[in-house]
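Structure, as structure tokens:
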Amino acid sequence: MKPIGPIPAGFTAIEGELAISGRRTSELVEEAGRTPLFVYSKSMIEQRLADLRAAMPDGLKVNYAIKANSYAPLLEYISPLVDGLDIASGGELEMLQELGIDGSRISFAGPGKRDEELEAAIRAGVTLNLESENEARRALAISEKIGVTPRLAIRVNPDFELKGSGMKMGGGAKPFGIDAERVPALARQIVDAGCDWRGLHIFTGSQALSAEAVTEAQSNILDLAIRLANEAGVGLPKLNMGGGFGIPYFNGDTPLEIVRVGNALRELFKKHSQDIAETELFIELGRYLVGEAGVYLTRIVDRKESHGETYLVTDGGLHHQLAASGNFGTVVRRNYPVAIASYFAAEPTEVANIVGCLCTPLDRLADKAHVPKADVGDIVAVFCAGAYGASASPSAFLGQGPAAELLV
Ligand SMILES: *Cc1c(COP(=O)(O)O)cnc(C)c1O
């Protein structure tokens, strides 16, 4: 038997069956017309944001990084609840433009922005978080050509990182951002060129569960940003402090204590109050806002035995759940939180391997999980599926195609 991850709080059972936003999974599957299906709960997203805002210092703004989940109804729902939206491609910009979201609420980070992407963003009034001097030159040339003043910020590659974070994106040589010591000169050039200077962006990592680690990174970020802006003599109209707030996926993971993070940040803001009096302060979160609000539902199509082990074979798999299968930035595969949705309230009675329908040994949803006995036709739920599920899995693999999605 292998442990499964912690099922996020907020899910209930109706007559034994898993309910999401108060609706039974069987009813949701019927509404979608098929499995596999992602269901995202509006009330859980709203609650998450309310708790976050209550914990964070007044005035701290929260952006949503849409790469975590860019399902259009979810974007439409979350957009008025957050202070801005962070994108990392021209394709993501198009998604937001289709929903009528104003460019002034969008910032665009990410290496390798193409000229067409830069142009579309500048025309739309999007803030570009510049990733290199070359990108800055191209952005300036494009804005001159089209006669639009660009909104420019610099993404800094800091010389520290978010400790214990799942994915390190700062510290040492990196494709992200501009090395800190070269930032003041570029900031000066941007201001001298008459651009709309939008300050600095410092992102240090993802998926941190330690309040101490987040606070340490935030403290370093504030120190660095203030120092760089002072050195450049350009002011700091805006500082995007990154995010990195993680969610518990695995057995033994504990939730990030956001009240501690918020209290420490309040102290930091006090300490630096003179230097940041004119600065709009942001954090940018993806998975923390939507990850736990999503569930992946997949139907059991076969139940078989092999060498004494039970396999529940589902109609879903890694093509929608790359991370849960252990193939997205993990070294050792561990079980995500999973349940038999059809018997959510029942006690576990057997140990089963839950696998997907792809013809590869990589396609595992849960190894040796202790679950209530389930059979063909029953529904399996994989939790923590609201972020980097549909948006980050190879749904075209083996001709499977995307899962259905519902926001309820
Ligand atoms: C991916 C990313 C995020 C979101 O990360 P999460 O772990 O989902 O919160 C935020 N900012 C930047 C720059 C990113 O690349």
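The values are calculated or read from the model by the stated rules, or taken from the named source; none is laboratory data. Bear in mind the structure is a predicted one, so any value in this text is a computation, not a measurement. Methodologically, a virtual Cβ is constructed for each residue, glycine included, from the backbone with ideal geometry; neighbour enumeration extends over all protein chains shown.
Give the residue, chosen from Val259, Val290, Val234, that is surrounded by fewer than 15 Cβ atoms within 10 Å (Cβ to Cβ) and at pLDDT 95 or above. I'd like the intermediate steps shown before the answer.
Values: Val290 fails: surrounded by fewer than 15 Cβ atoms within 10 Å (Cβ to Cβ); Val234 fails: surrounded by fewer than 15 Cβ atoms within 10 Å (Cβ to Cβ).
Step by step, each of Val259, Val290, Val234 is checked, and only Val259 is surrounded by fewer than 15 Cβ atoms within 10 Å (Cβ to Cβ) and at pLDDT 95 or above.
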Some residue of segment 35-43 being surrounded by fewer than 19 Cβ atoms within 10 Å (Cβ to Cβ) and either at pLDDT below 95 or not small (Gly, Ala, Ser) (or both): yes
Sole exception among (1) over 19 Å from Tyr64 (Cα atoms); (2) crowded, with 16+ Cβ neighbours inside 10 Å for Ala277, by number: (2)
Selection within segment 60-73 - under 16 Å from Thr279 (Cβ atoms), of a type outside the set (A, V, I, L, M, F, W, C) and either surrounded by 18 or more Cβ atoms within 10 Å (Cβ to Cβ) or within 11 Å of the ligand (Cβ to nearest atom) (or both): Asn63
Residue in segment 41-57 that is within 16 Å of the ligand (Cβ to nearest atom) and of a type in the set (Ser, Thr, Tyr) present: no
Boolean, Pro57 is out of contact with any His (no Cβ under 8 Å at 6 or more places or on another chain), part of a loop (DSSP other than H, G, I, E, B) and surrounded by fewer than 22 Cβ atoms within 10 Å (Cβ to Cβ): yes
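With within 13 Å of the ligand (Cβ to nearest atom) and not hydroxyl-bearing (Ser, Thr, Tyr) as the only criterion, which of Gln207, Gln189, Gln274, Gln218 stands out? It would help to see each step written out before you state the result.
On the way: Gln189 fails: within 13 Å of the ligand (Cβ to nearest atom); Gln274 fails: within 13 Å of the ligand (Cβ to nearest atom); Gln218 fails: within 13 Å of the ligand (Cβ to nearest atom).
Going through Gln207, Gln189, Gln274, Gln218 in turn, the sole match is Gln207.
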Residues of segment 105-145 satisfying the condition of being surrounded by fewer than 22 Cβ atoms within 10 Å (Cβ to Cβ), outside any helix (DSSP H, G or I) and either over 21 Å from the mean Cα position of the chain (by Cα) or charged (D, E, K, R) (or both): Arg114, Gly125, Ser132
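Any residue in segment 18-39 that is part of a strand (DSSP E or B), closer than 24 Å to Leu140 by Cβ and either in contact with a helix residue (DSSP H, G or I) (Cβ under 8 Å, 6 or more places away or on another chain) or not hydrophobic (A, V, I, L, M, F, W, C) (or both)?
Filtering segment 18-39 down to residues part of a strand (DSSP E or B) leaves 18-20, 23-24, 37-39.
From what is left, the residues that are closer than 24 Å to Leu140 by Cβ are none.
Within segment 18-39 (the criterion being part of a strand (DSSP E or B), closer than 24 Å to Leu140 by Cβ and either in contact with a helix residue (DSSP H, G or I) (Cβ under 8 Å, 6 or more places away or on another chain) or not hydrophobic (A, V, I, L, M, F, W, C) (or both)), the answer is no, since none of the residues qualifies.
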Hey, Leu236 within 14 Å of the ligand (Cβ to nearest atom) and of a type in the set (A, V, I, L, M, F, W, C) or not: no
Qualifying residues in segment 226-241 (those that are farther than 13 Å from Leu186 by Cα and either part of a loop (DSSP other than H, G, I, E, B) or not assigned by TED's automatic domain parsing to the domain that holds Ala277 (or both)) - the one nearest to the chain's Cα centre (by Cα): Met241
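So which of Gly317, Gly308 ends up being modelled with pLDDT of 95 or more, within 25 Å of the chain's Cα centre (by Cα) and at positive phi?
On the way: Gly308 fails: within 25 Å of the chain's Cα centre (by Cα).
It is Gly317.
Residue-wise test of (1) in contact with a Leu (Cβ under 9 Å, 6 or more places away or on another chain); (2) within 25 Å of Pro402 (Cβ to Cβ); (3) not hydroxyl-bearing (Ser, Thr, Tyr).
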position	(1), (2), (3)
Thr35	yes, yes, no
Val39	yes, yes, yes
Ala54	no, no, yes
Asp58	no, no, yes
Ala65	yes, yes, yes
Asn69	yes, yes, yes
Only one of Ile78, Ile122 that is of a type in the set (Val, Ile, Thr) and free of Cβ contacts under 8 Å to residues at least 60 places away in the same chain: Ile122
Unmet requirement for Arg151, which otherwise passes all of (1) within 16 Å of the ligand (Cβ to nearest atom); (2) under 30 Å from Ser219 (Cα atoms); (3) crowded, with 21+ Cβ neighbours inside 10 Å: (1)
